[in-house]
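Worksheet: one structure, shown below.
The values are calculated or read from the model by the stated rules, or taken from the named source; none is laboratory data. Small disclaimer: the values here were computed from a predicted structure and weren't measured. Heads up, the Cβs are rebuilt from the backbone with ideal geometry, glycines too, and the neighbour counts pull from every protein chain shown. Please note that ligands, DNA and RNA were not included when accessible areas were found on the heavy atoms of the full protein model with its side chains. Shrake-Rupley method; radii C 1.70, N 1.55, O 1.52, S 1.80 Å.
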Amino acid sequence: MIRLFLNLEWKQFTRASYFQKGVAIKIMLIFAAIYFGGAAIMIGVGLFFISKKIMPNMDPITVINNFLIYWYVLELAVRFFLQQLPVMNIKPFMVVPIKREAIIHYLLGKTTISFFNFIPFFIFLPFSIVLLVQGYSFIHVICWFLSVMAFSLCINFTNFLINKNNTFFYSITSVLFLFIGLEVYNVFKISEPIGLAFNALYDQPYLIVLPFLLLFALYKKNFSDIRKGFYLDGAISKKADKVDSLELNWMNRFGSLAIFLKNDVRLILRNARPKQVLMMSGLFLFYGLIFYTQDAYKDMPAFLAFASMFVTGGFLMTFGQLVPSWDSEYYKLLMSQNIPYKKYLESKWYLMVVAVSVSFILSTPYLYFGWDIFGMIGAGALFNIGLNSFITLFGGALNRVPVELNVKAKAFSNTNGFNPTQMLIAIPKLVLPMLLFYIPYKIVNFQVGLLVLALSGVLGIVFRNFFLNKIETIYQKGKYKTVAAFAEKK
Amino acid sequence: MITTSNLSKKYNENEVLNIEALEIPKGQSFGLVGNNGAGKTTYFSLLLDLIQPTTGAIINNDILVNESEDWKPFTSAFIDESFLIGYLTAEEYFYFIGELRGQNKADVDALVAQFSNFFHGEILGQKKYLRDLSKGNQKKAGIVAALIGNPEVVILDEPFANLDPTTQIRLKEIIKNLAKAKGVTVLISSHDLMHVTEVCERIVVLEKGEVVKDLATSEATLKELEAHFAG
């Protein structure tokens, strides 16, 4: 039985669309896997020494234990967005003579070998080896390691339980932010009692039974949930909620663009994938924190310019790069209707402009880092509106990968809407703002650098029609190819 | 109305469609039948300029379809689910199509109201996205959307498939009425010989991409078609 399942699994893996995409993508995926795997191992090995260096008075295992809770919450958050229980696959098995229990065990077992479980494995295994080399007690380290892995699997199964429900997630994240706040302002350190608990796990190896009991309980809960829903109208069919229509009449002021804008707003609000993009683009707002807080970048204004562009450009880049692809599911309809490409493109452009403006307003707290930084963000926003938007739309026009709107993107199992053209087109997006700022900065001064970056954006806005017409011709030329590519079933 | 000349479509060396000449006059209800792979959908896709002809061309109301886009305002189609926007409700979808075809909300409401019988209470006011409707109901919404904006040419691919018997009967009325009363040129394809002989004045049989029969519908047509396909 298991052999049969594994055989199917192997076929699914080797015949999946991402394996049949180009060699270039395969190589990049392998590189990405090596990179992430390697990075995890490096972190694992380095963790011990870094902790020694930063907090020489504390035992590294204690330090790690104190922070483990944040790791797990982060893991839960990442999994929530990217990992889904592969439910749809069980449909063809429902009517064949296989015990339902066997299918569910297999399904749940399968999730334990997901990418998300390898990351903690690759971090904590080397860390544990370092501990052993450093002469820590064998039995303690092994039990601790197994417990940590068990907790990771607990997160794995917890995710499936809460994945269907957003409120769970939001309450967990708000509690998390509350505790981070309390921790930062030294009001109450949640990491201490939980750290104590994890330390106890290390000190008393027999406590290893606790995480395994928890794991067992969560597994049982998942099992019974799926068992109960093992009918067509149960867990595997998606619930159709009652919905209200969105009139969006106030958008009519945009004239002939309104019709497209309204649809785009509905597209974003009503589909899983664009919603995911929207959330991800929110994270870009915090990108500046990485750069502005580090002294190392103080003297590298080109990197600061780059980071500033990212702060307001999250939505623009993540949404914009898939611009015709978002409409791939009904592209034939659009092509047989009387639709001016230019209006279509212009509506997407307005959407990006709004997104950049909103991000810019939301980025005002960066004033904390001074007017120079905020000026950079402003100039970056103008660059985004005027140039980056068109570069992104141009890249999108060359991208002919269909997107499944209401399916969440999954890490490494889905290269949906990703191709090498995308990578090439990303280069000017990243390098251009750096050059536009850096050259005048080197020749004249900081202010002129900002001015040039901002002016480039203004220029783009002035020549908007020129750019839109150029992109329009690409659309027209590629029409048949695009229709054919979007019609391809995955 | 629609003139097809020397039209062919090849994928690599594989010819999927080859129509030397086909003339469809205005106001005709035209049926296309043929087994799977006969080229029905290919022909419709060429009519809508969704694929490029290898040779020849289609002229729709004096407009060369693969060179000008001016056929779009008076031509509409429902080929498959990719003509629906899954995340809209039926009403929103109708208004969207209406707006593209220069109709305001009142126009669309008035038109759609005529089809309440056809909808059977399962389309309007459902508070559901189109993607959550059943296949048959999706088809109903798609077909009616193709009638918005007074098109002169309506193309429906397999309109009877997935519909329940009541709706099939009502759809037949709608199609007959379109051609007879309003002078609309209706092109449909179907695997159901009975429906198609009932609805269409003229039936063309495609086989491996070529026209093998071109019949004006009469009492004997159904028998003749059945004999052909049995055979």
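Among the residues making up the range B:166-192, those that are surrounded by fewer than 20 Cβ atoms within 10 Å (Cβ to Cβ), under 18 Å from B:LEU222 (Cβ atoms) and touching a residue at least 24 places away in the same chain (Cβ under 8 Å) are B:GLN168, B:LYS172, B:LYS176, B:HIS191, B:ASP192. Name the one entry in A:ILE155, A:ILE139 that is assigned to a helix (DSSP H, G or I), out of contact with any Leu (no Cβ under 9 Å at 6 or more places or on another chain) and of a type outside the set (Ser, Thr, Tyr). Testing whether each residue is assigned to a helix (DSSP H, G or I), out of contact with any Leu (no Cβ under 9 Å at 6 or more places or on another chain) and of a type outside the set (Ser, Thr, Tyr) leaves just A:ILE139.
For the range A:241-249, the criterion of being away from chain B (no Cβ under 12 Å), modelled with pLDDT under 75 and open to solvent by 20 Å² or more (accessible area, probe 1.4 Å) is met by none of the residues.
Does the range B:5-13 contain any residue that is under 30 Å from B:ALA113 (Cα atoms) and either free of Cβ contacts under 8 Å to residues at least 60 places away in the same chain or open to solvent by 10 Å² or more (accessible area, probe 1.4 Å) (or both)? Can you show your working first?
Pass one, the range B:5-13, residues under 30 Å from B:ALA113 (Cα atoms): none.
Taking every residue of the range B:5-13 in turn, none turns out to be under 30 Å from B:ALA113 (Cα atoms) and either free of Cβ contacts under 8 Å to residues at least 60 places away in the same chain or open to solvent by 10 Å² or more (accessible area, probe 1.4 Å) (or both).
For A:VAL458, the test of being closer than 24 Å to A:GLY378 by Cβ, surrounded by fewer than 18 Cβ atoms within 10 Å (Cβ to Cβ) and free of Cβ contacts under 8 Å to residues at least 12 places away in the same chain is failed.
Applying the criterion of being among the small types (Gly, Ala, Ser) and within 10 Å of another protein chain (Cβ to nearest Cβ) to the residues of the range B:51-95, the residue that is farthest from A:TYR331 (Cα to Cα) is B:ALA90.
Listed here are the residues, each with its yes/no results for (1) crowded, with 21+ Cβ neighbours inside 10 Å; (2) touching a residue at least 24 places away in the same chain (Cβ under 8 Å); (3) not in a helix (DSSP H, G or I).
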position	(1), (2), (3)
B:TYR87	yes, yes, yes
B:GLU91	no, yes, no
B:VAL108	yes, yes, no
B:VAL112	yes, yes, no
B:GLY121	no, no, yes
B:ASN137	yes, no, no
B:ILE148	yes, yes, yes
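The residue that is farthest from the other protein chains (Cβ to nearest Cβ), among those in the range A:329-371 that are polar (S, T, N, Q) and farther than 14 Å from A:ILE268 by Cα, is A:THR364. With respect to the conditions (1) open to solvent by 20 Å² or more (accessible area, probe 1.4 Å); (2) more than 11 Å from chain A (Cβ to nearest Cβ); (3) not in a loop (DSSP other than H, G, I, E, B), B:TYR43 falls short on a single one, namely (1).
Go through the residues of the range A:304-323 one by one and say whether even a single one is outside any helix (DSSP H, G or I) and either β-branched (Val, Ile, Thr) or outside the structural domain of A:LEU261 (by TED's automatic domain parsing) (or both).
no
When the helices (runs of 4 or more DSSP H) confined to the range A:419-490 are screened for residues that are within 14 Å of another protein chain (Cβ to nearest Cβ), those reaching at least 3 such residues are found at A:464-477, A:479-487.
With respect to the conditions (1) closer than 27 Å to A:VAL483 by Cβ; (2) part of a loop (DSSP other than H, G, I, E, B), A:TYR330 falls short on a single one, namely (2). With respect to the conditions (1) in contact (Cβ under 8 Å) with a residue 12 or more places away in the chain; (2) open to solvent by less than 20 Å² (accessible area, probe 1.4 Å); (3) out of contact with any Gly (no Cβ under 8 Å at 6 or more places or on another chain), B:GLY56 falls short on a single one, namely (2).
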